[in-house]
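Report on the following structure.
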Amino acid sequence: MDHIIELVELTKKYGDYTAVDRLNLKIRTGEVFGLLGPNGAGKSTTILMMLGLTEPSSGKACVCGINATTHPVEVKRKVGYLPEDVGFYEDLTGMENLLYTARLNGMHGTIAQEKASELLEKVGLGKDANKKAGKYSRGMRQRLGLADVLIKNPVVIILDEPTLGIDPNGVRELLELIQKLSREEGLTVLLSSHHLHQVQQVCDRVGLFVSGQLKAVGNIQELSNQLFSNHNFMIQVKVGGSPALSKNGLHTALLQLKAVEKIDKQTEGWINIGCSEDITPVIAQTIVDAGAELYHLSRKSYGLDDIYQLYFEGGKKHENHTPSQTNVI
Ligand SMILES: Nc1ncnc2c1ncn2[C@@H]1O[C@H](COP(=O)(O)OP(=O)(O)OP(=O)(O)O)[C@@H](O)[C@H]1O
């Protein structure tokens, strides 16, 4: 099966309010997919529909080819779900909590013991296996949550804001662990978050959610191409020399280049040049030929920051937007 999750025109309304609006999305087997969007964008509602925990108003959500609304129990057997806040028996140890889940899933005796130990090692809690869950830090609880999800042998894991409230080191460790699990075990991971940097770090592809709608899907390069197709290459230069020359002669010379689509002059000699193709050497030559002094030249590419800003802070920013990621030539 190429696509392990398939959402077709998935919609959820609460009265007149549309929380999820005609969502179409296919997630490939084995990929780490990020649902990225601000609070209230509809990520959790989408996840609940995938798990069969809330009914869509229209459309459908299929996981492993199974309709989550009509066959929620079958879907739950395939999917491990780690909610924002995992509940554990605080007086039981990490190991005892895992054994409890194992028993609920029909796993007993030595097999359950071995599996629980293996998973605790895998999530980095080997040394803390016999510590009470109530004494675990937030990061440790999330890692125990991952082990708790994995003991059910799922093929898909869905993580809702897994890094919330964890310190930066813990976040890094958890994300590395999620990525490793996906690579080593062939697991499909769906991760919901509003932390763009975390999503960028760990996800193969990202879906951008805004007000219940999926605005764009792809890896960072694809998103960048979809959203900034007007100016595929932004070349930034800092020039000096005669003010008259840089104001008129150079501007005209640059605009005469076929690939140049837009020129934004900034202060202190900085100029952003939007181009349809990478003509970095030609721009350098044009500046020198125009008699200006070239102090800096770099090609910028759009990162998730720019993409996020475009959608979450309004389209107006797009026009004057300065990309954040710089490849200095
Ligand atoms: N049971 C409900 N009744 C009415 N409105 C709801 C209900 N559940 C969610 N909503 C609304 O639907 C919208 C989407 O909520 P949802 O929790 O899916 O967003 P989210 O992207 O997961 O946000 P967060 O990151 O804050 O969890 C929000 O405006 C929310 O208030």
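The values are calculated or read from the model by the stated rules, or taken from the named source; none is laboratory data. From a predicted model like this one, the values you see are computed outputs, not experimental measurements. Reconstructed Cβ throughout: ideal geometry from the backbone, glycine too, with neighbour counts over all protein chains shown. Areas reflect the complete protein model, heavy atoms only, side chains present, ligands, DNA and RNA absent. Shrake-Rupley method; radii C 1.70, N 1.55, O 1.52, S 1.80 Å.
Structural remarks
- Of note, VAL75 does not satisfy the criterion of being assigned by TED's automatic domain parsing to the domain that holds MET140, assigned to a loop (DSSP other than H, G, I, E, B) and away from the ligand (no atom under 11 Å from the Cβ).
- Contact annotation: residue pairs with Cβ atoms under 8 Å, 6 or more positions apart or on different chains, pairing a residue in region 122-133 that is free of Cβ contacts under 8 Å to residues at least 40 places away in the same chain and assigned by TED's automatic domain parsing to the domain that holds GLU176 with a partner that is of a type outside the set (Phe, Trp, Tyr) and not in a helix (DSSP H, G or I), are ALA129/THR93; ASN130/THR93; LYS131/THR93.
- Restricting LYS215, LYS238, LYS180 to those that are touching a His at 6+ places or on another chain (Cβ under 9 Å) and surrounded by fewer than 20 Cβ atoms within 10 Å (Cβ to Cβ) reduces the list to LYS238.
- Qualifying residue in region 54-70 (condition: more than 16 Å from the ligand (Cβ to nearest atom) and either open to solvent by less than 10 Å² (accessible area, probe 1.4 Å) or outside the structural domain of ALA133 (by TED's automatic domain parsing) (or both)): yes
- Of the candidates SER117, SER193, SER182, the single residue that is among the hydroxyl-bearing types (Ser, Thr, Tyr) and modelled with pLDDT of 90 or more is SER117.
- Within region 271-297, tally of residues that are more than 18 Å from GLN221 (Cβ to Cβ) and either at pLDDT below 85 or among the small types (Gly, Ala, Ser) (or both): 4
- Failed condition for HIS194, given (1) over 22 Å from GLY94 (Cα atoms); (2) away from the ligand (no atom under 16 Å from the Cβ); (3) in contact with a strand residue (DSSP E or B) (Cβ under 8 Å, 6 or more places away or on another chain): (2)
- Lone unmet requirement of (1) farther than 24 Å from GLY145 by Cβ; (2) within 16 Å of the ligand (Cβ to nearest atom); (3) at pLDDT 95 or above for ASN24: (2)
- Residue pairs meeting the criteria (Cβ under 8 Å; at least 6 apart or on separate chains; first of a type in the set (Gly, Ala, Ser), in region 3-23; second open to solvent by 70 Å² or more (accessible area, probe 1.4 Å)): ALA19/LYS13
- Restricting region 2-13 to residues that are open to solvent by 20 Å² or more (accessible area, probe 1.4 Å) and modelled with pLDDT under 95, the residue that is nearest to the ligand (Cβ to nearest atom) is HIS3.
- Here PRO38 meets the list (1) out of contact with any His (no Cβ under 6 Å at 6 or more places or on another chain); (2) open to solvent by 10 Å² or more (accessible area, probe 1.4 Å) almost entirely, failing just condition (1).
- Verdict on GLU31 being in contact (Cβ under 8 Å) with a residue 12 or more places away in the chain, away from the ligand (no atom under 14 Å from the Cβ) and under 25 Å from GLN201 (Cβ atoms): yes
- Test: residue in region 35-49 that is touching a helix residue (DSSP H, G or I) at 6+ places or on another chain (Cβ under 7 Å), away from the ligand (no atom under 11 Å from the Cβ) and in a loop (DSSP other than H, G, I, E, B): no
- Selection status of LEU104, in contact with a strand residue (DSSP E or B) (Cβ under 8 Å, 6 or more places away or on another chain) and either touching a residue at least 12 places away in the same chain (Cβ under 8 Å) or under 30 Å from ASN130 (Cα atoms) (or both): no
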